[in-house]
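Student: Take this structure, written in C-alpha cells, and hold onto it; I'll ask about it next.
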Amino acid sequence: MRLTGDEFRRWGHKSVTLLGMSGVGKTTLARKLRRHNWFHYSGDYRIGTRYLDEPILDNIKQHVMQIPFTRELLRSDSIYITNNLDIDNLKPLSSFLGKLGNPELGGLDLKEFKRRQKLHRVAEINSMNDVPEFMHRAREVYGYAHFVNDAGGSLCELDDDVIGMLAQHTLVLYMKASAADEKELIARAEQDPKPLYYQDAFLDEQLAGYMQERGLDYIALVEPDDFVRWVFPRLFRARIPRYEQIAARYGYTVASDEVLGVASEQDFIEVIAGVLDRHEKGSD
C-alpha cells in the first residue's frame, strides 16, 4: 500500500504491519498504539493460541507423562493442562519450537526440530492470512478505529504472495534496527538464547558450518544454547536484505528509534507521515 503523508493522516481506518527482527521494538510500539484505539494483532499470539495450540499442549503433556505421579493424574483426567500463552508471554510457543542438539540438554534431533519448524511456518502463513478478517472484526465487533499487525521476525522468510496480500490491506512498515540495536540484540541472544525459526536451506548451511567449526560429528553433540548464540548474528544479517527488499517493493522503512520515541498516537502519525513524504520526494 502506497500513501502520501496527508493520505495517511486522513485515513479513517489506519492499518499498519510492523516488520522487523524480534526484539527491535514492534510489540512495544503496538502496546503504545493499543492505548489509542488501535487493535493489536499479534502474529505470534495467533500462532500459539489458534494454529499450534494442540502441538504445544501435546509437547507439555509428553514431559508431564514422564513423571509417574503426574502421569497417573493426567491419564485419569484428574488434572488438565492449558496453554496460558498471551501477547506478553510467548514462552509456551518458544518452548515448543525448541532448540537443536543434545537431548540431555533439552535439545531436539534434526528430524523433530525440522518438523516443528515446518509446523511453525505453516502456522505463521495462516496467521498472516487471517489479518484481513481480523481487520474487519476489529472494527465491526470490537469497535477499534485502527489496526496494527505485530508480525513475527520471521515474516521476511515467507513467500511473496503472503507479503503482497498484507501490502494490499495494510501499510507495511519496516522498523530498521540501528547499529546500537544490533549490538543489543546480539548481546541479548548471548545472554538468553531463545528458539528461532530458520529457513530449511539456511539451517542446513549454518549447521554444517557450525559442526565443522566446532569439530562435531553428530548433532546429538551440539550444545543447544551454543548453537543459537553462534547462529543468531548470522540469521540477523541474513534477514536484513530480505526486510529491505520487502520495504522497497511493498512498503516503507523507518528507523526504530524514530518510532520508539513517540509519546502519543499523534506523534506516531506524524512520524509515519514524515516517512511517507520523504519517500515520495525521493521518488520524484
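Each reported figure results from applying straightforward, stated rules to the coordinates on display, with no laboratory input. Here the structure is a predicted model, which is why all the values come from computation and not from measurement. Ideal geometry is used to build each Cβ from the backbone, glycine not excepted, and the neighbour counts take in all protein chains shown.
Student: Under a point spin-label approximation (7 Å from Cα along Cα-to-Cβ), what is the GLU112-GLN266 distance to one decimal in nm?
Tutor: 5.6
Student: Normalised by the number of residues in the chain, what is the relative contact order in percent for Cα pairs under 8 Å and 6+ residues apart?
Tutor: Relative CO of the chain lands at 34 percent.
Student: Run through segment 151-225 and list the chymotrypsin sites (Phe, Trp or Tyr not before Pro) located in a DSSP loop whose Cβ has at most 13 other Cβ atoms within 10 Å.
Tutor: For chymotrypsin sites (Phe, Trp or Tyr not before Pro) across segment 151-225 that sit outside H, G, I, E and B with at most 13 neighbouring Cβ atoms in 10 Å, the list reads TYR218.
Student: A follow-up question, please. Could you line up VAL24, VAL271 from fewest to most neighbouring Cβ atoms inside 10 Å?
Tutor: VAL271, VAL24
Student: Hey, what angle do you get for helix 131-140 against the long axis of the chain, alpha-carbon based, 0 to 90 degrees rounded to 10?
Tutor: Result, in degrees: 60.
Student: Still on this structure: How many nm is it between the label spots at GLU213 and SER78, if each spot is 7 Å from the Cα in line with the beta carbon?
Tutor: 5.0
Student: Calculate log10 I(q)/I(0) of the chain for q = 0.10, 0.13, 0.16 Å⁻¹, where I(q) comes from the Debye formula with a single equal point scatterer on each Cα and nothing for solvent.
Tutor: -0.58, -0.93, -1.29
Student: Given the options THR27, THR170, THR49, state which has the largest fluctuation in a GNM of the chain using a 10 Å cut-off (strictly under) for Cα springs.
Tutor: Per the Cα network of the chain with a 10 Å cutoff, THR49 tops the list.
Student: Which residue fluctuates most in the GNM of the chain (Cα springs below 10 Å): MET128, MET175, MET211?
Tutor: MET211
Student: Residues in segment 87-123 near a label at GLU223, defined as backbone nitrogen under 18 Å from the 7 Å Cα→Cβ point?
Tutor: 99-108
Student: A further question on this structure: Of SER154, SER264, SER94, how do they rank once you tally other Cβ atoms within 10 Å and put the fewest first?
Tutor: By the 10 Å Cβ count, ascending: SER264, SER94, SER154.
Student: Rounded to whole Hz and in sequence order, give me ³J(HN,Hα) for segment 246-253 from the Karplus expression 6.51 cos²θ - 1.76 cosθ + 1.60, θ = phi - 60°, writing x for Gly and Pro.
Tutor: 5, 4, 5, 8, 10, x, 9, 10
Student: Quote the charge dipole size of segment 15-276 about the Cα centre in Debye, to the nearest 20; the model charges only the Cβ of Lys and Arg (+1) and of Asp and Glu (-1).
Tutor: Result for segment 15-276 is approximately 260 debye, rounded to the nearest 20.
Student: Taking amide H positions as placed in the peptide plane 1.01 Å from N, state which residues far from GLY107 in sequence (5 or more) or on other chains have amide H under 5 Å from it.
Tutor: ASN102
Student: Now, a different point. Under 5 Å between amide H atoms, partner at least 5 residues away or on a different chain: which partners does SER15 have, H built in plane at 1.01 Å?
Tutor: PHE147, LEU171
Student: For the charge dipole of the chain, defined by +1 on Lys and Arg C-beta atoms and -1 on Asp and Glu C-beta atoms about the Cα centroid, which residue among ILE186, SER95, LEU85 has the Cα displaced farthest towards the positive pole?
Tutor: Sorting the options by dipole projection puts first LEU85.
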